[in-house]
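Written below as structure tokens is the structure these notes are about.
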Amino acid sequence: MSVTSIAAARRARPTSPKVSKTPGSLVHRKVEFDWSQTPLEWIPGSPFASHFINEINLLLPAGEFWFCKIYNKALPYITDEKLKADVQMFVRQEAMHARAHGAAIVEYLNAHGIETKSNTRQEDWLFESLLSDEPMGIKLPKFAQKEWLVFRLGIVAAIEHMTCVLGNYVLRNTSWDEAGADPVLLDLLRWHGAEEVEHRCVAFDVYRHLGGGYASRYYLASIAMPAVYGLWVHGAAHLMKQDERFKAKKPSVFKPWIWMQWMREVKTGHLPSPFWLALKELPFFSPWYDPVKEGSTEEALAYLNSSPAAARAAAMA
Ligand SMILES: [Fe+2]
Ligand SMILES: [Fe+2]
């Protein structure tokens with residue numbers, strides 16, 4: 001073969017796809033929230049939507065600390081330097097999210113007399129026992145440990161698609177501002193949502209890099225997505241039971257009232273429709289799913305650069 005034909009063959013060889021699809025470099029941001037003035041009904045006139053979104057504070061911390069644990073476990077298997085750096089920043093961002101929502105539980109919900117323990121106990125069991133390295137206390141044989149890790153990374157990839165969808169929703173929903181919603185809670189939602197959009201590719205990139213395939217992604221998402229929404233409604237019902245206005249309805253995830261009321265609240269613009277959410281989950285089921293297309297890094301950074309909580313943390317440093 002001549003020198004020119006070797007050069008031509010090299011040019012024609014398909015380049016391997018990039019392992020990390022995250023545009024640019026992720027950044028760890030500190031934030032500080034002052035919960036002293038935030039009312040429980042943080043969207044004035046909308047107690048249902050206020051409780052429904054407040055449940056996010058209870059749902060997230062245990063799950064996000066669990067993300068940190070399993071991504072630290074995945075790090076030694078990652079051979080791509082850019083993806084490694086993405087994961088390190090992803091872990092730091094998720095840990096900050098968990099701490100911020102954890103502080104909201106104590107300084108905001110508990111300070112208003114809301115009982116949260118019975119709810120967070122369930123999340124702790126799910127992430128610290130059922131989905132831990134030793135599920136329900138069962139020590140896995142060596143050969144199964146990596147499989148179990150990739151299985152759990154697939155669950156996180158599905159959840160991270162959902163958090164990106166919700167991130168877009170909170171960044172773009174102006175109905176809360178129009179209703180005079182509490183600015184601190186809005187900032188918590190938008191700062192977190194913006195970082196979810198910013199790091200939307202990481203979990204999916206890691207899942208694929210460690211050998212996660214399409215079929216398992218499909219069935220894991222089919223389980224994880226309804227489970228997360230079920231837990232969300234279950235937790236929101238627990239908060240509503242503590243509100244005199246809803247007590248008589250005996251709110252429960254298994255009763256139609258909460259689902260019907262959710263649909264009624266959609267008309268106010270303060271909550272996303274469950275059907276819209278289901279529709280937004282569909283791209284993840286496509287074999288051509290590309291998280292880059294699911295959000296705008298520029299839009300996320302525009303919010304992050306103006307977040308009052310980030311400015312407050314910088315001023316306190
Ligand atoms: Fe997060
Ligand atoms: Fe995330």
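Counting only residues at least eight positions apart within a chain, or on another chain, the lysines with an alpha carbon under 20 Å from that of LYS280 are LYS267, LYS293. Highest GNM mean-square fluctuation among ILE138, ILE53, ILE114, for the chain modelled with Cα contacts below 10 Å: ILE138. Using every pair of distinct Cα positions in the chain, the Kirkwood expression returns a hydrodynamic radius of 20.9 angstrom. Between the amide H of GLY295 and any residue lying 5 or more places away or on another chain, no distance stays under 5 Å, with hydrogens modeled in the peptide plane. Only Lys, Arg, Asp and Glu carry charge here, each on its Cβ (+1 for the first two, -1 for the last two); on that basis the chain has a dipole of about 1020 debye about its Cα centre. Taking 25 Å as the limit for the C-alpha separation, the pairs LYS69/LYS255; LYS69/LYS250; LYS30/LYS69 exceed it in the case of LYS69/LYS255; LYS69/LYS250. Karplus-based coupling profile of the range 164-170, in residue order and whole Hz: 5, 4, 5, x, 4, 4, 5, with θ = phi - 60° in 6.51 cos²θ - 1.76 cosθ + 1.60 and x standing for Gly or Pro. Straight-line reach from LYS139: which aspartates and glutamates have Cα under 17 Å away, leaving out those fewer than 8 places along the same chain? The qualifying aspartates and glutamates are GLU128, GLU147. Once the Cα atoms are used to define both axes, helix 3-12 deviates from the longest principal axis of the chain by about 20 degrees.
For the chain, the longest principal axis of the Cα atoms and the long axis of helix 256-266 meet at an angle of about 80 degrees. For the range 85-140, the square roots a ≥ b ≥ c of the C-alpha gyration tensor eigenvalues yield an a/c of 1.5 or more together with a/b not exceeding b/c, which makes the shape oblate.
Peptides 84-90, 31-37 ordered by packing proxy, namely the average of other Cβ atoms within 10 Å per residue, highest first: 84-90, 31-37. Charged neighbours of TRP35, selected by a Cβ distance under 10 Å, balance to -3 (K, R count +1; D, E count -1).
A short reminder: the numbers here are calculations on the coordinates, not readings from a lab. Since we're looking at a predicted model, the values are computed, not measured. Neighbour counts run over all protein chains shown; Cβ positions are idealised from the backbone, glycine included.
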